């Protein structure tokens, strides 16, 4: 997804670069990406999007068409535009591996590069990291709510465009979903595909049972029948004799889907109808405006539900559709820097996050400090790129998914409730506090 | 943006198509896209995304790579996959022009095509139409709040991926924004570009005033100085002598930007400092977590603000990040169809929306009815595609923007308040009610 080109950026990156070019400013800059505050109601976040961020950095270049357009637009000098033709990302990157749980003010990615390169990439790096982190964090909550039930991403249609659809399929799988309805995402990342049928399939037939039968005959090994087009329980009752008939031809009905009304109540009634008809092996899958809280409620009510199709509200992180995240200059030309804007001040310098685990392997507290400090715990940011090239191929998505699952298992019990947010201890080390005072002193 | 391929769809579209293929079902189907309910707090929506939807339909085809993958994945028959190689969209489309104001249950797009084509395109059509409509509707509210102040889209970084960033720049411009910071969107659609500088630009310099001077010298005709990196009013006071110095070289400071703290209060103090320094021509631009309600409050408080950079909350439509929209089968093989699911029932048949205007040219009421009915008012859906080809090129974005502006001018006063939603009269005509009863009768 680096194919969007170098111009997918804010104009101010280019106007700043023109001024840096005119002044000959291009010393080493250190930028860090972090979330200033967790969204209300969230106790943790899950890092995601690093693979696409590195793809972008490795492929960054201005096309001839883009350069010609920049020259024509009249805002930039020919010499500056010529310099952009040569621009590549040549810096180094350290980052938390995708799937790592993190908290406010903890950098999950650090860029060290010549100022112009490090500045230019701000916009797209934020764009890639915030969205997948947002969705992975939401999807992890749905996974916590669903325990071991089947969870499928159904959100392609109401995701915000094509890339959001693809990246939210990836991010939700990474965070513990079992698969996606998104065929292109399945092809691209080898994510398991799930799909049932739409109401239109039933409506296009004059007879609902005929529709079920046609579908099962075309998909003898993977079929989920949608029951709620007209009357859910009436539809369930037609499934019983149909299953008997199909069974004679070696075809097994796998599952039914409920998509409207009181899902817990319908699931109970449908379960009873199916069980009475000898179809206890047919599972019940539900969908329709679901999120972690409705999944939690359905299961708490004891609804006999085997799987959930979770769409829009997960893919758009509907209750919190963005993160208060930034990419900030922390050092330039060897000197630590700091922004002091009201309510938006930052911690200066090259930082690292150290995490301690308790005897049970649960997260017990983080320390935010300078890179060369050595508080207790293990460092979370690791080198991933040098001289503009990855140090190793990005891990396969399956491996990232395994890491995320292990991270969720390490969450302390205090952070697990979904309805109330709890704080996790992140200490700012004395070394970092001292540097902050020194920077303030110097710039007064 | 049709380049995402035919596999950007839900798996169930393909499993249904396999069954239709096996049954030889491919009669003419009529699908309509509409919003079931307006989001809470919204009184109207603005249609957008038609151009991209038609691009998609015109370019729809499965690539060799996609076909090979479908064959390998083991879910589809070779004969069916071979049939997909030939699949093109050959149908007709009627739609409301982009920029048209519309309401719940009013179709804004209707597809009439062989069943398989009409079904396959559901996912991406919803994906394209819902997102731009969502953003255009949000942006129109910001425009109503801002009256004639400058409005710039600043949301690229926290938009949900690349396509969301591009399409939200387009949709917000369409709905009345003056431009965008998104350079690629500017290049693609000739949208005016706006940009200032980041805090990092100030921080990379050791002296804030030197940073301002460098920037102004590099951009003598378009410069906006960011004041809040350390102390907003102190920065404003340095602008006064700097402006005098630059003026000797023929350079004029155009504007300043405030991005944190109490924007109304800072704007007043900065205005006073600038005016006292003879800089009444320097305009004040503000940004930072803005939306229609903060813009409305700032202007109601009399804050001397000339322009707003509105980002994340507009681009993600943060308070309502999705629409309850659907694409439903309304007729198949000449017979009207209807879904009766609880809370999700639809009106059957090929429909049209007729709008009446009052003597002042304001919207006075709509009628939802069958296409061949003739209630008072003018029809809003117009033919845009036949046999899979556009009837005319899509209008230039400037023309769409003009139409949207005219539409907003036609809003009745009851729909203009942003803080409370009001209902607009949409009547379901007797002809449509009669058809609905007939369909229900027949399927009992």
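Each value in this text was obtained by applying a stated rule to the coordinates, not by laboratory testing. Just so it is clear, the model here is predicted, and its values are computed rather than measured. Virtual Cβ from ideal backbone geometry, glycine too; neighbours counted across all protein chains shown.
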- Spatial extent of segment A:70-142: Rg and Dmax, with the Cα atoms as the point set, Å: 16.7, 52
- Report, as an integer, the average count of C-beta atoms from other chains found within 10 Å of each Cβ along A:191-198. 5
- For segment A:118-154 and segment B:165-227, what is the separation of their C-alpha centers, rounded to whole Å? 29 Å
- Message: From the gyration tensor of the Cα coordinates in chain A, what semi-axes in whole Å does the equivalent ellipsoid have, largest first, with each one equal to sqrt(5λ)?
- Response: 48, 26, 16
- Shielding by partners - mean other protein chain Cβ count within 10 Å, residues of A:321-332: 5
- Query: Can you tell which of B:364, B:82, B:421 shows the greatest fluctuation in a Gaussian network model of chain B with Cα springs below 10 Å?
  - Reply: B:82
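Computed over the Cα atoms of segment A:329-442, what is the convex hull's projected area averaged over all directions, in nm²?
10.2 nm²
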- Note on the structure: Averaged over the residues of A:122-132, the number of partner chain Cβ atoms within 10 Å of each residue's own Cβ comes to 5
- Of the residues B:310, B:282, B:111, which exhibits the maximal mean-square fluctuation in a Gaussian network model of chain B defined by a 10 Å Cα contact cut-off? B:282
- In degrees rounded to 10, the 0-90 angle between helix B:208-218 Cα long axis and the longest Cα principal axis of chain B is 70 degrees
- Provide the percentage of antiparallel DSSP beta bridges, counting only those with both residues in chain A; round to the nearest 5. 65 percent
- Message: Once you place label points 7 Å from the Cα toward the Cβ at residue A:390 and residue B:222, how far apart are they in nm?
- Response: 3.7 nm
- Message: Rg and Dmax in Å for segment A:43-165, alpha carbons only: what are they?
- Response: 18.4, 59
- Task: State the percent of C-alpha pairs, over all pairs in the protein assembly as shown, separated by a distance greater than 37 angstrom.
- Result: 47 percent
- Efficiency of FRET between residue B:293 and residue B:234 - r from beta-carbon atoms, R0 45 angstrom, step 0.05: 0.90
- Message: Run the helix sum for the protein assembly as shown: -39,500 (n - 2.57) per DSSP H stretch of 4+ residues, divided by residue count, reported at 222 nm to the nearest 500 deg cm²/dmol.
- Response: -12000 deg cm²/dmol
- Note on the structure: Between the modelled labels at residue A:64 and residue A:280 (7 Å from Cα along Cα→Cβ) the distance in nm is 7.1 nm
- Diffusion coefficient in µm²/s returned for segment A:394-444 by Stokes-Einstein, Kirkwood Rh over C-alpha pairs, 4 °C and 1.567 mPa s, is 87 µm²/s
- Cut-off 20 Å, label 7 Å out along Cα→Cβ of residue B:190, residues of segment A:5-43 by amide N: none
- Query: What FRET efficiency comes out for the pair residue A:434/residue B:262, r = Cβ-Cβ distance, R0 = 30 Å, nearest 0.05?
  - Reply: 0.45
- Residues in segment B:85-126, backbone N under 14 Å from the label point at residue B:382 (7 Å along the Cα-to-beta-carbon vector): list them, ranges by number please. B:94-101
- Message: Over chain A, with a Gaussian network built from C-alpha contacts below 10 Å, which listed residue (A:119, A:203, A:433) shows the highest mean-square fluctuation?
- Response: A:203
- Query: Roughly how many nanometres apart are two label points built 7 Å out from the Cα toward the Cβ at residue A:210 and residue A:405?
  - Reply: 4.5 nm
- Note on the structure: Using the Kirkwood formula on alpha carbons, the hydrodynamic radius of segment A:145-315 in angstrom works out to 16.4 Å
- Note on the structure: Per the Cα gyration tensor, segment B:196-287 corresponds to an equivalent ellipsoid with semi-axes, largest first in Å, of 18, 16, 11
